[in-house]
1. So for the range 136-152 (the condition being surrounded by 15 or more Cβ atoms within 10 Å (Cβ to Cβ), at pLDDT 80 or above and not aliphatic (A, V, I, L, M)), does at least one residue qualify?
2. Take the residues in the range 316-336 that are in a loop (DSSP other than H, G, I, E, B) and open to solvent by 70 Å² or more (accessible area, probe 1.4 Å); name whichever of them is nearest to ARG375 (Cα to Cα).
3. Does at least one position in the range 302-311 carry a residue that is under 25 Å from LYS334 (Cβ atoms), of a type in the set (D, E, K, R) and open to solvent by 60 Å² or more (accessible area, probe 1.4 Å)?
4. Can you pull out every residue in the range 89-112 that is closer than 12 Å to HIS68 by Cβ and polar (S, T, N, Q)?
5. Condition test on VAL290, is it over 22 Å from PHE235 (Cα atoms) and surrounded by fewer than 13 Cβ atoms within 10 Å (Cβ to Cβ)?
6. Take the range 344-370 and flag every residue that is part of a loop (DSSP other than H, G, I, E, B) and open to solvent by 40 Å² or more (accessible area, probe 1.4 Å).
7. Just to check your reading of the model, which residue among SER128, SER113 is at pLDDT 50 or above, open to solvent by 70 Å² or more (accessible area, probe 1.4 Å), out of contact with any Asp or Glu (no Cβ under 6 Å at 6 or more places or on another chain) and hydroxyl-bearing (Ser, Thr, Tyr)?
8. Looking at this structure, is ASP274 charged (D, E, K, R), more than 30 Å from MET115 (Cα to Cα) and part of a helix (DSSP H, G or I)?
Amino acid sequence: MIALLFLQNLITSFSGNLRKLLSKSERGSVKLIFDEFPGGPVGFELILRFCYNGCRINVSPCNVFLLHAAAEFLEIDENHTMKYVESVHFWTWSELLDCLKQCQELLSFIKSSYMVQEILDAVVEKISMLNVSSPFAFSCSDVQFSGDMSANSSRCSSFQTTNWLRDLEFLTVGLFGRVVGTMISRKLDHGMICSFLLHYQRVKFVGLLSGKDKCKIIEVVIDALCSIKGSFMRFPFRHLCYMLQACFTLKMEKQCARSLERMIGSRLDEATMDDLLFPSPRRKTCAYDVDLILRLLKLFIGESRKTPFVQRLKNVGCLIDLFLAEVAPDPQLKPCKFLALASGLPDTARESHDRICEVIDMYFEAHSNLSEEERIRVCSALDYEKLSSESLANLAKNARFPACASSAALLFLQAKLKTRSDNPNRPEFACNSSLSSNVDQEQLLLHFSKGKAVQKRSANVGPYFYLGKHKKIENRDLKEIAKLDRRDQS
């Protein structure tokens, strides 16, 4: 509340608002009380001095917004302050910061967007003088700005250096969004925009911000990354994952999460195992969010159709194999989800299926109650041609695998051993110490064909069974193996 004594005739000659309020009051000294006034007593005293001095007052970057807000509040002509702001591009960096801080405090009182935008344009213009083109080529402690650099002085001369990222930490969430918007419209270097987004979010999330403010910051960052073509490729991948997890925790709109998923999915080859371990939503029983990983995988595959990138595809293949090993022991993971993960990548993503075979074994061990049909369906993710001789040998005698899978492994092992006999110098066999040339292939096949899984369950095999994508072995092939067994037993 402000209570000041002033001359009615003098002040009403400037203020239309006061003229209306005091039109019915008596002449002389008048006591006027304001519950809310821009800048409080300091602001009211400043506007009174402005009126008493006949609009002649020392306007500076430190008081221009206070004077302007008070003039607007009292309906006094504010052209004097607006003309002063026209020289904003000649101000120093420190003067701009002082003005921006005052602008932020009085933003709710300022009706003119022109003055605010002039300040923001000047701030971004000063930042652009850094002329840093390479994204993230500097750390938060390295970015320096010439503090007292006027338009008339050389850009090379400076009296004080200060970190511009830290200088703008005082911005409220609302003004932060307007600064980012100005950076985009002024076409500031994308790397510098990303640096500012990253730094501001890190600083503010450490503080005691409300969930609502955190949501607003994330929305500003997402909108900025979507507005600038390709800018999300410069943004740290792990921070994108961090924001996605924050979206889930803060229960933000699905549109925000889907935007982040598109950014992450297109760069999935940059992920590590830690990046993929998103906790499962509360309503689901699995430890990790498998559905999310499947969506990211689908987005990545969609990108691979546009531009061929075999090595990136192989990186994702290794990553998914590691994730499968992490989730396979989860007793709540359904076979359809496991199979979708295991078979979600094209054939070129994996040169070997040994890891897939291992994680399937882990999954069968943790899910001993699976039916034979479910086990066969899970095994359809295997490409037996990409299994090593050692993996085929282990699979053939593994009772956890269905009979058709064990029989198929035996058949492919036979083919590999025959190929080795015909071509003993081939590297894939020469380097395999577990199946050295000293071992008789007939004895090896006999050993595995007597396995419990093959002997007891091979009778239940249908007309054919799947060995992987678009591969099948018919019963006549299995009969050849059975003949081999009887010959060795006789």
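The values are calculated or read from the model by the stated rules, or taken from the named source; none is laboratory data. Just so it is clear, the model here is predicted, and its values are computed rather than measured. Every residue, glycine among them, receives a Cβ derived from its backbone with ideal geometry; neighbour counts consider all protein chains shown. Heavy atoms of the whole protein, side chains included, go into the accessibility calculation; ligands, DNA and RNA do not. Shrake-Rupley method; radii C 1.70, N 1.55, O 1.52, S 1.80 Å.
1. no
2. Narrowing the range 316-336 to residues in a loop (DSSP other than H, G, I, E, B): 328-334.
Pick out the ones that are also open to solvent by 70 Å² or more (accessible area, probe 1.4 Å) and you get 331-332, 334.
Details: PRO331: 15, GLN332: 16, LYS334: 12 Å.
Going through the qualifying residues, I end up with LYS334.
3. no
4. Here is the first cut: in the range 89-112, the ones closer than 12 Å to HIS68 by Cβ are 99, 102-103, 106-107, 109-112.
The answer is GLN102, SER112.
5. The answer is no for VAL290.
6. Selection gives PRO346, GLU351, SER352, SER368, ASN369.
7. Exactly one of SER128, SER113 is at pLDDT 50 or above, open to solvent by 70 Å² or more (accessible area, probe 1.4 Å), out of contact with any Asp or Glu (no Cβ under 6 Å at 6 or more places or on another chain) and hydroxyl-bearing (Ser, Thr, Tyr), namely SER113.
8. Yes: the conditions hold for ASP274.
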